[in-house]
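Please read the structure below before turning to the comments.
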Amino acid sequence: HSELANEGIGNVKFRLMGFYNGGVEGKYPKKLKLTKEVGGKKGFNRLLSYAEENAASGVEIILGVDMMYNYVYWGMGGISKKKTTVRSMDNRYASKQMYDTVYQGFFSYFSLCVSADQLTGLFNKFNKKLSKFDITAISLDYMAEDLSSNFADDNTFDRETAKGYLASTLKEISSKYSTILSTGGNVYALKYVDYLLNAPVDSSRYFCASRTVPF
């Protein structure tokens, strides 16, 4: 930070990913176990204190938390697969699909979609652990980007209903944190987030369009 300040660069927002439960693709955030890379509780508190001491110059630590997907390679992380995840139309558990440009196809990497109606409750449970630290900024990865319907027999809802659940979750979280970052840029999320990453600058091209207006 001091080197950046000497070059006249301020307003530094540092997005800290993978600080809990085994790293970036660690266990789902129900419990909170800090990784050794952040120095445990003492090192983590020192980092937060440093950001607070330099807040006047624009330094802010934004903690990255992924509530939308559960990387089941490491197990369910203490939550129920049946109750908290999404089912597809053929009754299989739905997972995040990533496009591989080499193979020109979509692949799943053990990341099950968490049902939108469960997000508020799951976050509040995790936040009880997180609130023990002096944290004012949080990054909610994919929450302003992805919408998933659910075709579970006992919990069926469409994407429009999922949008309402996500907006409700963002509203709840915005009442607890002064700074919120997310990825994407769906309209329902804009009034709750302060910063966006990977905001689209082009149309989806799913429909015929003569012009694209970048923002």
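The figures follow:
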item: Normalised contact order of the chain, rounded percent, pairs of Cα under 8 Å and 6 or more residues apart; result: 17
item: Amide H partners (placed H, <5 Å) of ALA94, local residues excluded; result: VAL86, ARG87, SER88, CYS113
item: Vicinal HN-Hα couplings computed from phi for the stretch 182-199 (Karplus, 6.51 cos²θ - 1.76 cosθ + 1.60; Hz; Gly/Pro x); result: 8, 10, x, x, 5, 4, 4, 8, 4, 6, 10, 10, 9, 9, 10, 10, 6, 5
item: From phi via Karplus (6.51, -1.76, 1.60), per-residue ³J(HN,Hα) for the stretch 148-157 in Hz, x at Gly/Pro; result: 10, 6, 9, 10, 4, 4, 9, 7, 9, 8
item: Crossing angle, helix 159-174 versus the chain [Cα axis fit, 0-90 degrees, rounded to tens]; result: 20
item: Under 5 Å, built H, 5+ apart or other chain: amide partners of TYR142; result: THR183
item: Candidate lysines for bridging to LYS83, where Cα separation is under 25 Å - those fewer than 8 sequence places away on the same chain excluded; result: LYS27, LYS30, LYS31, LYS33, LYS96, LYS125, LYS128, LYS129, LYS163, LYS171
item: For the stretch 88-139: relative contact order, % (alpha-carbon pairs under 8 angstrom, 6 or more apart); result: 24
item: Solvent-accessible area per residue, Å², over the chain with all protein chains present [probe radius 1.4 Å]; result: 61
item: Nearest-10 value in Å² for the accessible area of TYR69, using the 1.4 Å probe; result: 10
item: Degrees between helix 40-53 axis and first principal axis of the chain (Cα, 0 to 90, nearest 10); result: 70
item: Projected label distance in nm at LYS13 and ASP158, using a 7 Å step from Cα toward the beta-carbon; result: 3.4
item: Note, ³J(HN,Hα) from phi for the stretch 104-115, Karplus 6.51, -1.76, 1.60, rounded to Hz, x at Gly and Pro; result: 6, x, 9, 10, 9, 10, 6, 10, 6, 6, 8, 5
item: The chain - percent of accessible surface contributed by carbon and sulfur, probe 1.4 Å; result: 53
item: Fraction of beta bridges assigned by DSSP in the stretch 1-152 that are antiparallel (%, nearest 5); result: 60
item: Other-chain or far-sequence residues with amide H under 5 Å of LEU34's (modelled H); result: ASN21
item: Percent of C-alpha pairs per 10 Å bin, the chain, short to long; result: 8, 29, 35, 20, 7, 1
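The values are calculated or read from the model by the stated rules, or taken from the named source; none is laboratory data. Quick caveat: nothing in here was measured; it's all calculated off a predicted structure. Positions of Cβ are backbone-derived with ideal geometry, glycine not excepted, and every protein chain shown enters the neighbour counts. Note: accessible area is taken over every heavy atom of the protein model, side chains too, but ligands, DNA and RNA are not part of it. Shrake-Rupley method; radii C 1.70, N 1.55, O 1.52, S 1.80 Å.
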